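The values are calculated or read from the model by the stated rules, or taken from the named source; none is laboratory data. Since the structure is predicted, the reported quantities are computational estimates derived from the model, not experimental observations. Every residue, glycine as well, gets a Cβ built from its backbone with ideal geometry; the counts of neighbours run over all protein chains shown.
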Amino acid sequence: MEQVAAPMNVFRWFWAKLWKKSRNIGIEGEILACRFIKKQGYSIIARNWRFGRGEIDIVARDNNVLVFIEVRLRSKGASVRGYESILKRKKIVLRQTCFAYLKRCVKEVPTYRFDVIDIEHDYGGNVDVVHHYENVPFF
């Protein structure tokens with residue numbers, strides 16, 4: 001019995017460490033995206049807004065438009081770009097989360113849109129390209 005328990009602890013340790021590293025990289029991507037959209041003149045309203053299983057990475061305002069932004073960070077040369085990695089199920093969850101935000105946090109429904117910010121980087125911390133896709137259809 002003890003021989004089985006030891007590898008399980010190693011397995012949990014490995015995945016916890018991997019998840020923590022992945023989460024830190026994701027946070028760095030969101031910080032880069034915030035800097036990018038601030039330079040574009042957006043004002044940030046909220047970050048990492050959660051509802052149920054969903055999360056909106058960034059809620060921002062572009063003039064009179066409320067913008068829900070999904071941030072995707074990919075390594076340079078990845079086979080699938082961040083924009084293309086948002087599958088049907090993720091779109092459904094994002095849409096539900098955005099509607100929950102509108103219902104709970106906004107008095108009257110403004111004009112809104114969905115954007116995707118796709119950041120290509122190498123693991124040395126260098127950002128190569130930032131792609132900003134505006135008004136992405138999540139329906």
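Annotations for the structure displayed:
- For region 41-55, a residue qualifies if it is assigned to a strand (DSSP E or B) and either more than 13 Å from residue 105 (Cα to Cα) or in contact with a Pro (Cβ under 8 Å, 6 or more places away or on another chain) (or both), and the qualifying residues are 43, 44, 47, 48, 54, 55.
- As for region 91-109, it holds no residue that is closer than 15 Å to residue 132 by Cα and of a type in the set (A, V, I, L, M, F, W, C).
- Looking across region 44-63, just one residue is modelled with pLDDT of 95 or more and farther than 20 Å from residue 99 by Cβ, and that is 44.
- Hey, residue 116 within 16 Å of the chain's Cα centre (by Cα), of a type outside the set (Phe, Trp, Tyr) and within 18 Å of residue 56 (Cβ to Cβ) or not: yes
- Note on region 81-98: among residues that are touching a Phe, Trp or Tyr at 6+ places or on another chain (Cβ under 6 Å) and of a type in the set (Ser, Thr, Tyr), the one that is farthest from residue 54 (Cα to Cα) is 83.
- Scan region 79-101 for residues that are surrounded by 16 or more Cβ atoms within 10 Å (Cβ to Cβ) and either at positive phi or more than 14 Å from the chain's Cα centre (by Cα) (or both) and the total you get is 2.
- Tally, over region 73-91, of residues that are part of a helix (DSSP H, G or I) and touching a residue at least 24 places away in the same chain (Cβ under 8 Å): 2
- Pick from region 64-89, criterion among the β-branched types (Val, Ile, Thr) and more than 14 Å from residue 133 (Cα to Cα), ranking: modelled with the highest pLDDT: 65
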